[in-house]
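Accompanying notes for the structure given below.
The values are calculated or read from the model by the stated rules, or taken from the named source; none is laboratory data. Note that the structure is a prediction, hence the values are computed from the model and not measured. Reconstructed Cβ throughout: ideal geometry from the backbone, glycine too, with neighbour counts over all protein chains shown.
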Amino acid sequence: MKIVVVGGTGLIGSKVVGILGSKGHDVVAASPASGVNTVTGEGLAQALEGSSVVVDLANSPSFKDEDVLEFFATSGRNLFEVEKAAGVGHHVALSVVGTDRLSQSGYFRGKIVQEKLIRESGIPYTIIHSTQFFEFLGGIAHSGSEGETIRLSPAFFQPISSDDVAAAVANYTLAQPQNGVVEIAGPERVRMSHLVQRYLKAILDSRKVVEDAQASYFGAQIDDDTLMPGAGAHLGSIGFDAWLARSTVSK
Ligand SMILES: NC(=O)c1ccc[n+]([C@@H]2O[C@H](COP(=O)([O-])OP(=O)(O)OC[C@H]3O[C@@H](n4cnc5c(N)ncnc54)[C@H](OP(=O)(O)O)[C@@H]3O)[C@@H](O)[C@H]2O)c1
């Protein structure tokens, strides 16, 4: 089966390309690095020719509100026009658990538009909602950074390793389209402020996390339920300590 992984050079994309390739599929890693750009449309038609499945794992290079919206809106329109012409039978995309509850955030307004375009495309699809990646803990710390302190919400979340995400994405890619949303999450529910503090300690970053229930998450107010998956979520097996032990961030 020919499978195109858009964003196939990224954190999750490169792992998904590896897994699908090892199962014998003809996998194309499509991204600006290989001359395929979903925003300008460059190289898209050629990359998708003869493909059965498209997996969209791209992300906006800029997190400014208007840039994210423009990225996901334009990419979606360009992708579906070419997917229809190529006869693609399954569109898989990675989004975030709680996206619909996070519309105060510019980034998540971009993800909401991405998902709307998928639902309206007429192409069979699977939207995978993942919780935050452990690899993104540094990004979360950065988002709450105020000099020597980091102001973060103590709200619960259930982060997941990129290896567990990639394995789940590869499985859903090879399954029948769900025509709906499926959720994936890590094995442990933790408070965001606590885990980021543990992460900073592990990477020998001396900054202190200040708990603030009013601190926003990328512009959105959150509570203990906002970032948590529902009861039917598929759970990965790698917890924070196991992830830390095998990752290079603390070495
Ligand atoms: N971070 C989290 O905790 C989290 C949680 C849940 C879901 N997600 C979602 O997971 C997805 C993947 O995230 P990631 O961290 O793996 O991304 P990433 O490592 O930042 O990789 C982004 C990818 O997008 C590609 N890209 C950028 N501009 C493009 C364009 N114009 N056309 C085509 N491809 C383009 C990049 O290609 P080049 O290398 O060529 O620039 C790269 O392959 C995102 O949609 C994100 O919303 C993230």
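Results, tabulated for the structure shown:
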| item | result |
| --- | --- |
| Cβ-Cβ under 6 Å pairs, at least 6 apart or on other chains, the stretch 215-233 side closer than 25 Å to GLY180 by Cα, far side part of a loop (DSSP other than H, G, I, E, B) and not small (Gly, Ala, Ser) | ALA220/LEU102; ALA220/GLN104; PRO229/VAL97 |
| Residues of the stretch 121-164 satisfying the condition of being more than 8 Å from the ligand (Cβ to nearest atom), under 15 Å from ILE238 (Cα atoms) and of a type in the set (Asp, Glu) | ASP163, ASP164 |
| Long-range neighbours under 9 Å by Cβ, at least six apart or interchain, first residue without any contact (Cβ under 8 Å) to a residue 12 or more places away in the chain and assigned to a loop (DSSP other than H, G, I, E, B) within the stretch 42-70, second within 13 Å of the ligand (Cβ to nearest atom) and of a type in the set (Asp, Glu) | PRO61/ASP67 |
| Tally of residues being of a type in the set (D, E, K, R) and over 18 Å from ILE127 (Cα atoms) across the stretch 56-83 | 6 |
| Extreme residue, farthest from SER95 (Cα to Cα), among residues of the stretch 1-41 that are away from the ligand (no atom under 14 Å from the Cβ) and either of a type in the set (S, T, N, Q) or part of a loop (DSSP other than H, G, I, E, B) (or both) | GLY24 |
| Within the stretch 139-213, strands (runs of 3 or more DSSP E) holding 1 or more residues that are closer than 30 Å to VAL55 by Cβ and at pLDDT 95 or above | 181-185 |
